[in-house]
Amino acid sequence: MKRFLFLSLSLWIIFQYQVFPQYFPIDTCKLNNAYRELILNPQSKEKQIAFFELYPTTWMEFQMMYQFVPGDRMAYEYDNIMYSYWGIKHMEAFRSLLGVIPDTLFYDKLITLSIGGKWDADNPAFLQNLIRKATLKNPKVMVARLSKHRKGYQLRFWQFYWSSLEAAHEYEQEHARLRKILIEISPTATKIMDVGFEYAWKEMEFSDFDFVHLKSYKQQ
């Protein structure tokens, strides 16, 4: 009987870990300390690598770290300092102080940060702007690294890239400009980008469904 119970418990634990996705929030203390050390030693290879490795890698991690959480939606008072203070500081360091990080690794992280994302005010908007600038700066590297992902994931990258609330002409002009560049690099990548533009440009809206910290949300 004891052997049966032990086996059953073991199988249940394995099932929990294998079937259900596991998300581990980033250690904010380690990330903030790595940021402070990088600011004090911006030329240090070790400090740059440490900060880069601790910076979020996926959209889920980014949202868990930097999103705004309304106080009236929580059962307890939520500290939004990562949203209101650290978000832009971390991103500025990520953008400008990581010269030792190879372009391939840097662009890989930009891509995985984008997949599954959508435009929102503040930190998501800052991230989108960073990714757009990086793509225009070195489109060949971006397309080369993006092509390593399946087409569905490539599409989700471009959906975040073009995600917007309004028909801002700057997006439209950028699409035309980028299309001329990408068509010479990869017609396939250009086609996927076009689809992302068609379905994401001016098609987004603010949504409370995106607050991943909330335990529950009842649609009104």
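Any read-out appearing in this document is the output of simple, stated calculations on the displayed coordinates, not a laboratory observation. Note that the coordinates shown come from a computational prediction; the quantities given were computed from them, not determined experimentally.
The table that follows gives values for the structure above.
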{"read-out": "Over 26 Å between alpha carbons, listed pairs LYS30/LYS133; LYS109/LYS191; LYS109/LYS151; LYS89/LYS148; LYS89/LYS137; LYS45/LYS133", "value": "LYS30/LYS133; LYS89/LYS148"}
{"read-out": "Rg/Rh (Cα only; Kirkwood hydrodynamic radius) as it applies to region 23-210", "value": "0.98"}
{"read-out": "Full-extension gain in nm, LEU130 to VAL100, via 0.36 nm per residue minus C-alpha separation", "value": "9.0 nm"}
